[in-house]
Amino acid sequence: MTRTQVAIIGAGPSGLLLGQLLHKAGIDNIIVERQTGEYVLGRIRAGILEQITTDLLREVGVGTRLDAEGTVHHSIELVFAGTRHAIDVHGLTNGQVVTAYGQTEMTRDLMAARSGASLPTVYEAADVEVLDYDGDKPRVRYRKDGQTHEIACDFIAGCDGFHGVCRASVPKGSITEFEKVYPFGWLGVLADVPPVSPHAIVYANSERGFALCSMRSPTRSRYYVQCPLDDKVEDWSDQRFWDELRRRLDPEMASRVITGPTIEKSIAPLRSFVAEPMRFGRMFLAGDAAHIVPPTGAKGLNLAASDVKYLSGAFIEYYRDKTSAGIDSYSERCLRRVWKAERFSWWLTTLMHRFPDTEGFGQKVQEAELDYLVNSESLSRSLAENYVGLPLNFGER
């Protein structure tokens with residue numbers, strides 16, 4: 001049996017970031033991942049990082065490529081009623097920004113750092129089980145290469161995503177789940193074309209539905225359009241997608257869209273989901289294992305980063321200061337931040353999308369609220385503050 005201080009389930013960005021934070025503090029950890037490293041890197045996910053997330057990446061020593069290749073965004077742009085409006089995020093938040101840097105690249109950087117430090121990561125671990133986490137001797141069991149392996153540890157960190165084993169292992173009576181499913185999806189494409197707006201994310205509300213324009217690099221763009229949940233990817237040719245995207249933008253921006261072959265195309269449903277609490281004895285949930293937000297607010301990856309910041313701090317206090325205060329308050333601190341991000345993501349989703357009942361009156365109300373938003377400094381500041389990410393200690397006494 002192998003022994004470590006913290007067993008981390010999941011080698012996505014939250015698990016890898018937690019591993020680096022613990023390593024920097026001298027806390028032993030092992031990561032167990034059911035997929036291959038190549039599979040993890042192949043997942044196309046978020047690409048907008050809050051200031052807190054970029055600061056964490058620099059803290060663990062993986063900020064070099066981020067600083068060289070990431071693109072700082074000082075504003076966002078809202079399109080409605082055929083007109084585009086800029087929100088000066090930088091000016092409204094005393095200089096805070098977000099950075100466009102793909103989750104794949106962030107994961108690659110964290111993987112390289114972990115490999116370079118010769119830290120143990122087990123890929124292709126089958127039949128993973130989390131055991132005895134409600135006692136003082138938790139264990140992780142898995143199969144690899146036809147053999148059963150066990151890890152004895154002090155704590156288990158469940159960073160294994162929405163469909164992972166950690167939350168699924170919690171007895172039903174010990175967890176409460178909150179969920180809202182939205183009646184539409186996002187058709188997203190990735191294309192090696194220059195972004196239509198290289199220094200801002202563009203959110204469009206139109207009578208045809210929502211659209212979003214973002215970037216992964218100066219030569220790679222990520223675009224989305226709202227679509228029915230029963231649409232199939234094969235129904236959407238590249239030409240149909242580009243035509244629909246242009247129809248949802250203002251005329252000037254639509255004329256600047258550069259098209260090209262798509263290199264990835266998928267339809268994702270939208271949901272809001274929270275599991276409470278996020279601690280069960282000596283097992284802790286983090287990231288998508290505990291909560292999902294619609295991608296409208298770009299909060300999913302950033303919430304995972306703040307979770308592991310809280311969790312790493314709790315473990316550091318436990319080993320260094322011999323106190324369990326951080327561990328005991330972990331779930332409460334995380335959920336306070338999670339629900340604020342859930343609220344923001346729900347609000348922005350509701351404001352920007354075409355719902356089944358958004359006909360006539362509903363569309364006019366959306367446009368009125370958007371008009372109020374772009375002309376109200378206080379409401380614009382609220383949007384900007386939430387967009388760049390609330391402070392880690394926001395609302396704490």
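Please treat every number below as a calculation from the coordinates, not as lab data. The structure presented is a predicted model; accordingly, all values stated were derived computationally and were not measured. Note that we place each Cβ from the backbone using ideal geometry, even for glycine, and neighbour counts take in every protein chain shown.
Would you list 57, 41, 285 from fewest to most Cβ contacts within 10 Å? Display every interim value, and only then the final one.
Working: 57 26, 41 15, 285 30.
With the sparsest Cβ surroundings first, the list reads 41, 57, 285.
Please check which bits of the stretch 309-329 a label hung off residue 137 would reach, taking the label as a point 7 Å along Cα-to-C-beta and the cut-off as backbone N under 13 Å.
Flagged as within label range: none.
May I ask for the net charge around residue 91, where only other residues with Cβ less than 15 Å from the Cβ of residue 91 are counted and Lys, Arg are +1 while Asp, Glu are -1? Write down the numbers at each step before the final one.
Working: positive: 381; negative: 77, 88, 377, 385.
Counting the neighbours of residue 91, the net charge comes to -3.
Could you give the length gained on full extension between residue 396 and residue 180, defined as 0.36 nm per residue of separation minus the Cα-Cα distance, in nm?
Numbers: separation 216, 0.36 × 216 = 77.76 nm, distance 2.71 nm.
Going from the current span to full extension adds 75.1 nm.
May I ask you to list the aspartates and glutamates whose Cα is less than 17 Å away from that of residue 172, ignoring any residue fewer than eight positions away on the same chain?
Here the aspartates and glutamates satisfying the reach criterion relative to residue 172 are 129, 132, 134, 276.
Ranked by Cβ crowding within 10 angstrom, fewest neighbours first, how are 98, 6 ordered? Before the final figure, lay out the partial values.
Working: 98 28, 6 23.
Ranked by crowding around the Cβ, least crowded first: 6, 98.
Grab the Cα-Cα distance for residue 361 and residue 378, subtract it from 0.36 nm times how many residues apart they are, and report the gain in nm with one decimal. All intermediate terms of the calculation are to be shown ahead of the outcome.
Values: separation 17, 0.36 × 17 = 6.12 nm, distance 2.55 nm.
My answer for the length gained is 3.6 nm.
So for the pair residue 172, residue 243, with labels modelled 7 Å out along Cα→Cβ, what separation do we get in nm?
Placing both labels 7 Å beyond Cα along the Cβ direction yields 4.9 nm.
Suppose a student asked you for the relative contact order of the chain, using Cα pairs under 8 Å spaced at least 6 residues apart; what percent would you report? Show your work: numbers first, answer last.
Values: 802 pairs, mean separation 81.1, N = 397.
In percent, rounded to a whole number, it is 20.
Counting each pair of different Cα atoms once, what's the Kirkwood radius of the stretch 295-397 in Å, rounded to one decimal?
Details: mean 1/r = 0.0632 Å⁻¹.
The answer is 15.8 Å.
Express the relative contact order of the stretch 309-372 as a whole percentage, based on alpha carbon pairs under 8 Å and six or more residues apart in sequence. Could the numbers behind the result be given before it?
Working: 28 pairs, mean separation 13.1, N = 64.
Here the relative contact order equals 20 percent.
Of 390, 16, how do they rank once you tally other Cβ atoms within 10 Å and put the fewest first? Walk me through the numbers on the way to the answer.
Numbers: 390 17, 16 29.
By the 10 Å Cβ count, ascending, the order reads 390, 16.
Where q = 0.20, 0.25, 0.31 Å⁻¹, what log10 of I(q)/I(0) comes from the Debye formula for the stretch 251-299, counting one point per Cα?
For the stretch 251-299 at q = 0.20, 0.25, 0.31 Å⁻¹, log10 I(q)/I(0) is -0.85, -0.99, -1.10.
Suppose R0 equals 41 Å; then what is the FRET efficiency for residue 234 and residue 81 from their Cβ-Cβ distance, rounded to the nearest 0.05?
0.80
Based on a Kirkwood Rh over C-alpha pairs, give the Stokes-Einstein translational diffusion coefficient of the stretch 7-93 at 37 °C and viscosity 0.692 mPa s in µm²/s.
Rounded, D is 208 µm²/s.
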